[in-house]
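What follows is a set of notes on a single structure, which appears directly below.
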Amino acid sequence: MFDAAGPDAQAIIQLWLVLFSVAAFVFCAVCGFAIYGYWRNRRRRQRPASEATISKGFVAGIAVTVLLLLIIFIATLKTSQPFAKEFYHQPASIEVIGKRWWWAVNYLDQEGKTLFQTANEIYIPVGVPVRIRLVSDNVIHSFWVPKLAGKVDMIPGRTNHITLQADRPGTFRGICAEYCGIQHALMAFLVIAESAEEYQKFLISNQAPAASDSQLSELALQGKKVFHEARCAECHSIRGVVEAKGAIVGPDLTHFATRKTIASATVPNRKGHLAGWIADPQGIKPGNLMPSVPLEAEEHHALLHYLESLQ
Ligand code: CUA
């Protein structure tokens with residue numbers, strides 16, 4: 001959070017510095033008085049302080065406390081005011097749904113309808129404020145990208161919003177900042193800020209359906225069969241291939257091979273990690289909703305190949 005890449009994060013750092021300075025001053029002052037009191041007590045010959053001195057000290061203590069609290073109050077108001085007003089009426093272009101324990105990401109059109117869904121990676125164009133709608137269909141999560149903005153809770157039955165703006169291209173890690181269950185610590189995601197042209201390309205390529213059969217190798221076609229037989233499709237959608245109703249328990253896998261990570265930014269999306277994840281998801285992230293499906297070695301191999309073909 002000390003390496004801000006957006007205006008909101010920058011404002012939060014400044015507020016943090018004010019709070020830290022005030023807290024550091026209070027800490028040093030209290031320590032100073034404690035040491036002074038100890039030292040004074042050791043010099044027993046000194047007479048106790050007069051009534052007048054004690055009253056003065058009492059009044060000064062209250063005055064300093066009120067002044068410091070006022071500084072914190074004004075600084076906090078000044079920082080949070082723009083967040084409340086900013087783009088309040090601007091429609092959201094992305095919706096993020098807190099899941100157990102990952103993030104579904106819906107890209108929206110002008111009317112707010114979903115164009116396509118991905119998971120755990122949020123692409124945004126550089127230099128523009130992007131309004132994001134935050135919801136949850138289970139427990140309370142909190143959406144936090146330390147380098148870009150503050151935290152906003154995702155509360156079941158409520159819709160919240162946050163605005164992300166990245167002033168430079170890059171990949172920024174985000175995390176869940178509200179304890180939400182056994183895998184709270186492994187509920188991360190990436191925000192990828194790129195140029196407007198690259199972002200447009202991303203939108204276009206992701207609206208396309210998944211690789212068709214003619215684009216798949218023999219092995220990948222076998223893997224596709226395994227995907228159906230092992231009942232992966234009951235939880236995962238692949239647009240244009242399987243779109244079972246209610247298959248929103250697990251991430252949409254339409255362009256899975258383009259993702260940088262798996263299991264909510266827990267491990268990189270490489271063959272070895274993916275193989276391990278499919279074989280034993282509970283070993284990597286105990287308590288997550290993906291069951292271990294027993295597969296023969298050839299089936300496992302083919303399934304991996306199919307998932308890696310979903311460009
Ligand atoms: Cu989701 Cu903590």
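Just so you know, all these numbers are worked out from the coordinates, no wet-lab data involved. Keep in mind that what you see is a predicted model, and the values were worked out from it rather than measured. As a convention, Cβ positions derive from the backbone with ideal geometry for all residues, glycine included, and neighbour counts pool all protein chains shown.
General observations
- Relative contact order %, the stretch 1-129, counting alpha carbon pairs below 8 Å whose residues are six or more apart: 15
- Gyration tensor (alpha-carbon) shape descriptor, the stretch 250-303, a/c threshold 1.5: oblate
- For the chain: relative contact order, % (alpha-carbon pairs under 8 angstrom, 6 or more apart): 16
- The chain: DSSP helices with Cα axial extent of at least 15 Å and average Kyte-Doolittle hydropathy no lower than 0.0: 7-42, 51-85
- Neighbours of VAL139, meaning other residues whose beta-carbon lies under 13 angstrom from its beta-carbon, give a summed charge of 0 when Lys and Arg score +1 and Asp and Glu score -1.
- Whole-number D in µm²/s for the stretch 173-311 (Stokes-Einstein; Kirkwood sum over Cα pairs; 10 °C, 1.306 mPa s): 99
- Remark on the chain: ratio of C-alpha radius of gyration to 2.2 N^0.38 Å is 1.36.
- Relative packing of peptides 57-63, 75-81 - highest average C-beta neighbours within 10 Å first: 75-81, 57-63
- Checking the cross-link pairs LYS201/LYS260; LYS113/LYS285; LYS151/LYS201; LYS113/LYS224 against a 26 Å limit on the alpha carbon distance flags LYS113/LYS285; LYS151/LYS201; LYS113/LYS224 as lying beyond it.
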